[in-house]
Every structure is written in C-alpha cells, then in structure tokens.
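Note sheet for the following structure.
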Amino acid sequence: MSGNTVDNVRSAETYRRLNKKCMLSMYINNAITYIILSIILLLIFKLITLSDELSVQSIIPLILVSMILLLIYFIIGPWIYYERYRYMITSDKIDVRYGIIILRHILVPIERVHQVQVSRGPVNNLLGLANVNVTTAGGVATISYLEVDEAEKIVERLTDLINAMLRDSE
Amino acid sequence: MLCYGTVSDLPEYSTRMHPVIIVENTFRTAIALLIILFISTKSLDMPIIAAIVATALILLLLFYYRQWRLTFIHFGKTDIVVERKTLFKLKKTLPYSRIASINLNRGILNRLSGTSKLMININSGYNAIVPEASLTFERHLADRIRDNVSDYIYRDEASPLEESTSTIHFTLTDVIFHGLFSVPTQQSIIGGFFFIYSIIQQYYSTVSDLETNSGTAVISMFLFFIFLAVPAIRHMIYYYGFKVHRHGETIYLEHGLIRTYKTSFKISRVNAITIKTTLFSRLLGRSCIEAEVVGIASSDSGGNTRPLISLLANDRISQQLLQELVPEFVYERQGEKQPIGAKNVLIIRGLIASAILISIMIYPSILAYNSFASNSDGLSTIFQYMLPITTSLVLIGIAYSTHISLKVRELDIGKELFTFVNGLLDREIVIMNYDKVQMIHVNRGPISRQFNVAKGKIFMLSSTGTNSISSGLFSETSLERIGDIIMERSARTLGRYT
C-alpha cells in the first residue's frame, strides 16, 4: 500500500484492502506449520506401522485425507483471505471484514478503545508487515498484515482520535 | 475515632489491620504446609513431624506478626494507601474516585473475633476477579469505613447500609428451592441418575447380599453428591437470608449463612441483566435475575462474581422485582424469532452432525454387536445393543436441540436496550445496554451465507474481565442494526462509557 494511505483513510470513509505481501506472509507461516505437522505425523506413522493392530492402521488413510485437505486450505486460504479482507477507520469506528470459511464483520466504536499497539512476528518483520491490536474493555480487535509505516500511522491516528474524544468529554 | 461525614471530611488517619489477620494468614498457610508435609515425609517419625510442624507454625506466626506490624493503612483525603514495609515492600494507592465498590464479608474467624473483612474493588477490567484490597478491621470500624467510603462513592444518597429491609422477603423455602433448582439442568439430570442408580444398587445389594453392588452404590452416591447435592447445598448456604433493596441509584445485597456478604453497587455499573431459568425451575414457573456488574469481585465468594438480584421466584414476582430494582433494564420487548433461513441452517447442521455421528458409530456398533453375540447372558445382550441405542438417543438429542433452538432464540432491538434469548435446557434472557457494548462481531459460516443469516457476538466488560454474548441466527441487517444504533448513540454523545 502506498505512503499516502493514511491520508486516504482520513479523507475517504471507504473500505481498504491489504497489500499483496500479506499472502506471502501467510504462505510462509502455513508452510512452516505444515512442515512441523508433517514431521509429527511421520513420527506417528512410524509408531503405527510398528503396531500390528488393524484398527490402529486403519486411521492412516483418514490422516492422509486430512493432510491433503489441510494442504488445499493452506494453498487457497491466503488468497481468499486477501480477496475478502477489508478494513475501514473513520472518525468514530474501526470496521474490519475478513474470513476464509466463516466471514466476520468486526465493529469497534473508537470511543471504547483503551489501547492501540503495533505487533510484528518474525515473518512479518522480514516482509515489513505489522498488525495493529486495538484493545477495548471487552476484548482485542486486530487489523492484520499492514505495512509497518501504515500501521504506525494508524496507531498515531487512533491515539489522536482517542485523545480528542477524551478532551471533548472533559 | 472515625466519625466523619464524607470522605473529604476524613481526618488523615493511619492504622493497622486487626491482629486476627495474623491467625488467619498463619492458619491458611499452615494447612497448605501440612498437606505438603504429610505427602512428602511418610518415612519420618511422628515426633519429628510434630517438631517440624511446631517450628513451622512459630516461624509463620512470627512472619505474619512482622508483616502485620509493618503494614499500615492510611485513609487520606483523596485515597486509601496500603503500605507494607517488609522485605517485599508494597505501596498500593486506591483513589476514592476510582473505587467501584466496597463490600463486607464475615467468615467464621471474623465472627469469632468480632471483625469484618472489607473488600475494595477498583473499576478495572484487569484483576477483575480478585479485589484490589482485602482489609480486616474490628466490625464497627469496618462498618464505619464502609459507610464513609460508600457515602463518597454513592454521593448524594443517604447510606441505608444499616437497614435490613428488603424489596421482597425470600423465605427459607425460597432459598431451598433456589438451591435445588438453580443447579444447571444437565448437572441435575446426571446427579439424579446417579442417585436413582445408587438406590437400585443398594436395593440389589441388600436383596442379593453382594458386596460389589454395595461398592457401586457408594460410588454412585458420591457422584450424586458431587453433581447435585454439594452445588445445591452450597447455593443454599451462600444465599441464606437473601435480602435485596434499591436506594437511589444503588442496589444493596445481603446474604450468607456461614460467611455473610454485604454487597452494594451503583446501577450505572450494571452492564446487562440476565433472567435465568433451568428446566426444572421453568416447570415450577420460577426464574432468577442476575446482574453483570463490573468491579464487585470478592475472592471469598466461591467464584460467584455475578450477583443475583433475585433468587428463583415466581415469574410475576421476578417481573415486579425487575421493575423495582432495575427499571433501567425494563422495556416493551417484541422479540423477533429466527427467520426461515435459520431453520434451514439448523436442519442442515443437524443432518451433518447426525451423518458424522452415524458414520463414526457404525463400525464400533457392529464390532460390539459381534463380540457380545456369542454370550447369551442378560448383560451381554445389553452391551450388544448399547452403542446403537446410545447413538439413537444422541440423534434424538440433536433433533430436539434443533427444534428448541428454532423455538427459543429471539432477538429484540429496542431504542435504549436490546435483548438476546438463548438456551436449550437452561434459558437466558439477556437484556443489554447499547452504551456498554465494547465490540461487535457478526459472523456468517458457509451454510449461513446460503440462507442470508448470521450470528452476532457482543463483547462487554464483565465482572470476570471480558464476556461475550452470542445471538441465534438472524438476518445480517438485523444484527448490523445493533452496531448502527451504538454508533448513532455515540455520535449523539449519549453513549459515553461510564
């Protein structure tokens, strides 16, 4: 996303999309998860093949089918996630729409926001992406896979909005 | 000594807690130490154990005596400061303006020593279950401190703490009814099953003189106690002598047999009101009312941090109590039933769950049938058909829950309040205030999307930190309307969170 994104967010109260780099981040995370899962399953297979019991061995096809389905999900998932992800920050609310299987629409009135923070995992760090975590008294909402610059600008903007609201209420 | 009108009039005053706190703390730690000692020192002789216990007790007494001597509570003009000058130093400042509630608890030791425990809670989502300060004083002193701090918290209201009047008189029978029928239905059914099973086993053991049956009867009776009797008795003890009344903007509660609880909270701290019924209480036409209040935690309340403002009472009386205690949460409801799309979603989900269950159970059922087919005794015949029968019962359960889910769940979007009605066996009518909602999720699964329905999830600050309340399946537009109203109210600055 370009550098003037936040200005655009400020002016136009429309939904915004994520940078395509988010898919890369998800693919890397998914690949790591899949490799770890495969190693664990290989170890389980090794133990199962040592067993002579038919009922134990009969679960192997079930596990294989599950792994294939998971692989399909891991391949298609990031693309669907990217295509569906929309977020909007207006002067009074944070609105996020996302989901792969279940579609979620999250609405957080800015008036209820207590804390805003930027978080970056190792993969996101590598790709220059970050998450913005918005904390309310009732839970945390996250705007994921934003470019670092944009994430920081959003935090700044939200902090300004919250402070302005606090000043108004005094 | 502490005769003052309002907190601002308080003389600056420092004091220590009542020395009974030394005994209480020593006793509490000693029990834990004794358990560890007996588990880990089986090989030691009794005199050695006695010596260790005696030394530990003396050391604990000295430790807690020093802690008591070096802990001071300072009642200032603007705040209460708890300062501990021991090796692990502590200075906790509790501004009067931030105190959400100040409540009194009296346990057995408190009653014997003529003391009370003051539980002070701050308006905080964090550390919500444990009070910020738990201070033990002589009873009259604790009462006065509570009166004065309450005067400040519930400003402009005469403190009626000494009054023992109640909006409604709950008799001992009401308390017993509440104890018996407020236990969750599933738990009651399981408990009841074990009770009946225990009696049958006891009967057979008497008739046949078999000791194995007697053993099973004891285990079943034990499970009956765990599932039903203990929770029911606990409720009866906890809510014994239940009194509730409202004075101005404050609700006062008083109850408890062994430990007495005096709780008060401002109506503005109530985020939601829940009218609850279990299957058995519904059959008796009774319901109870629970309030979701932030900042009234009491570590000694046995984990019950959501106060009841009415025990199980006749539905008509419950409605009357709602009007008198929390009229802010009463409005003309016109519940919207789930749309036809929801019916399709629930039926499809039920069919999928049934198909999965059948496909999982078919193979073990055949295996069980074949393995027990060769034996002809009565028990084998039961085991032969046990899995298919259990599967059939679960299938009936799925069908029933689908039907009830359609029938029960409601949504009502009012001007000031909105309501979710949920539950299969135990039902809840949750009335929420728009201005207390922190966040909303509207979720649509793959099946729900096909029929244009969604599920709403409302996030609020609760007595245990955060809490979410889910709706049934309704049109997305209806659920989004809740968010729209919150934003409209917020724009009109009506929705400032208080």
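The values are calculated or read from the model by the stated rules, or taken from the named source; none is laboratory data. Note that the structure is predicted; figures quoted are calculated from it, not measured. Cβ placement follows ideal geometry from the backbone for every residue including glycine, while neighbour counts extend to all protein chains displayed.
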Notebook entry, point to check: Restricted to the stretch A:71-107, and to residues that are among the small types (Gly, Ala, Ser) and in contact with a Lys or Arg (Cβ under 9 Å, 6 or more places away or on another chain), which residue is modelled with the highest pLDDT?
Noted result: A:Gly99
Item checked: Only listed residue being within 14 Å of chain A (Cβ to nearest Cβ), over 34 Å from the mean Cα position of the chain (by Cα) and among the β-branched types (Val, Ile, Thr), chosen from B:Ile348, B:Ile366 -> B:Ile366
Next item on the list: Of the conditions (1) away from chain A (no Cβ under 12 Å); (2) more than 30 Å from B:Leu367 (Cα to Cα); (3) touching a residue at least 24 places away in the same chain (Cβ under 8 Å), B:Leu479 clears all except one; give me its number.
Entry: (1)
Note to self: Give me the residue from the stretch A:68-95 that is within 12 Å of another protein chain (Cβ to nearest Cβ), farther than 20 Å from B:Lys457 by Cα and of a type in the set (Val, Ile, Thr) and, out of that set, nearest to the chain's Cα centre (by Cα).
What the structure shows: A:Ile80
Notebook entry, point to check: Here is a list of conditions, (1) touching an Asp or Glu at 6+ places or on another chain (Cβ under 8 Å); (2) modelled with pLDDT of 90 or more; (3) in a strand (DSSP E or B); (4) facing chain A (nearest Cβ under 8 Å), and B:Phe459 meets all of them except one; can you say which number that is?
Noted result: (1)
Item checked: A:Leu161 being exposed (fewer than 15 other Cβ atoms within 10 Å of the Cβ), within 14 Å of chain B (Cβ to nearest Cβ) and not small (Gly, Ala, Ser) -> no
Next item on the list: Any chance you could count how many residues in the stretch B:52-96 are loosely packed, with under 13 Cβ neighbours inside 10 Å and assigned to a strand (DSSP E or B)?
Entry: 3
Next item on the list: Can you tell me which residue within the stretch B:25-51, out of those that are of a type in the set (D, E, K, R) and assigned to a loop (DSSP other than H, G, I, E, B), is modelled with the lowest pLDDT?
Entry: B:Lys42
Notebook entry, point to check: Looking only at the stretch A:26-46, which residues are surrounded by 12 or more Cβ atoms within 10 Å (Cβ to Cβ) and either under 13 Å from A:Ile63 (Cα atoms) or of a type in the set (S, T, N, Q) (or both)?
Noted result: A:Asn29, A:Asn30, A:Thr33, A:Leu37, A:Ser38, A:Leu41, A:Ile44, A:Phe45
Margin query: Name the single residue that is farthest from the chain's Cα centre (by Cα) among those in the stretch B:304-328 being under 15 Å from B:Ser182 (Cα atoms) and hydrophobic (A, V, I, L, M, F, W, C).
Written below: B:Ala313
Margin query: Let me spell it out: the conditions are (1) within 13 Å of chain A (Cβ to nearest Cβ); (2) at pLDDT below 90, and B:Leu424 meets all of them except one. Which number is the exception?
Written below: (1)
Margin query: Among the residues of the stretch B:462-476, what is the count of those that are surrounded by 19 or more Cβ atoms within 10 Å (Cβ to Cβ) and modelled with pLDDT of 90 or more?
Written below: 6
Next item on the list: From B:Val330, B:Val345, grab the single residue that is within 17 Å of B:Lys276 (Cα to Cα) and in contact with a helix residue (DSSP H, G or I) (Cβ under 7 Å, 6 or more places away or on another chain).
Entry: B:Val330
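To keep it simple, each residue is scored yes or no on (1) buried (at least 23 other Cβ atoms within 10 Å of the Cβ); (2) at pLDDT below 85.
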| site | (1), (2) |
| --- | --- |
| B:Glu249 | no, no |
| B:Lys262 | no, yes |
| B:Thr278 | yes, no |
| B:Glu292 | yes, no |
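To keep it simple, each residue is scored yes or no on (1) in a strand (DSSP E or B); (2) of a type outside the set (Val, Ile, Thr); (3) under 21 Å from A:Asn30 (Cβ atoms).
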| residue | (1), (2), (3) |
| --- | --- |
| A:Leu70 | no, yes, yes |
| A:Tyr87 | yes, yes, no |
| A:His114 | yes, yes, no |
| A:Val123 | no, no, yes |
| A:Leu126 | no, yes, yes |
| A:Asn131 | yes, yes, yes |
| A:Ile143 | yes, no, yes |
| A:Asp149 | no, yes, no |
| A:Asp160 | no, yes, no |
Check: So how many residues does the stretch B:442-456 have that are more than 8 Å from chain A (Cβ to nearest Cβ) and part of a loop (DSSP other than H, G, I, E, B)?
Finding: 3
Next item on the list: Tell me which of these B:Val430 doesn't satisfy, since it passes every other one: (1) farther than 19 Å from B:Leu346 by Cβ; (2) at pLDDT below 90.
Entry: (2)
Item checked: the stretch A:96-119 residues that are more than 13 Å from B:Gly445 (Cβ to Cβ) and facing chain B (nearest Cβ under 7 Å), paired with ones that are hydroxyl-bearing (Ser, Thr, Tyr) and not in a strand (DSSP E or B) (beta carbon under 7 Å, 6 or more apart) -> A:Pro109/B:Ser490; A:Glu111/B:Ser490; A:Glu111/B:Tyr497; A:Arg112/B:Tyr497
Next item on the list: Pick out, from the stretch B:97-170, the strands (runs of 3 or more DSSP E) lying fully within it that include 1 or more residues that are at pLDDT 80 or above and among the basic types (Lys, Arg).
Entry: B:99-106, B:115-122
Check: Out of (1) in contact with a strand residue (DSSP E or B) (Cβ under 9 Å, 6 or more places away or on another chain); (2) away from chain A (no Cβ under 13 Å), the odd one out for B:Met439 is which?
Finding: (2)
Next item on the list: Could you grab me the full set of residues in the stretch A:125-145 that are touching a Lys or Arg at 6+ places or on another chain (Cβ under 9 Å) and at pLDDT 90 or above?
Entry: A:Leu127, A:Gly128, A:Leu129, A:Ala130, A:Asn131, A:Tyr145
Next item on the list: Taking A:Val148 as meeting all but one of (1) out of contact with any helix residue (DSSP H, G or I) (no Cβ under 8 Å at 6 or more places or on another chain); (2) within 14 Å of chain B (Cβ to nearest Cβ), write down the number of the exception.
Entry: (2)
Check: Just to be sure, is B:Met386 closer than 25 Å to B:Ile273 by Cβ and either of a type outside the set (Val, Ile, Thr) or within 14 Å of chain A (Cβ to nearest Cβ) (or both)?
Finding: no
Next item on the list: Considering each of B:Ile199, B:Ile237 in turn, give the residue that is at pLDDT 90 or above and surrounded by fewer than 18 Cβ atoms within 10 Å (Cβ to Cβ).
Entry: B:Ile237
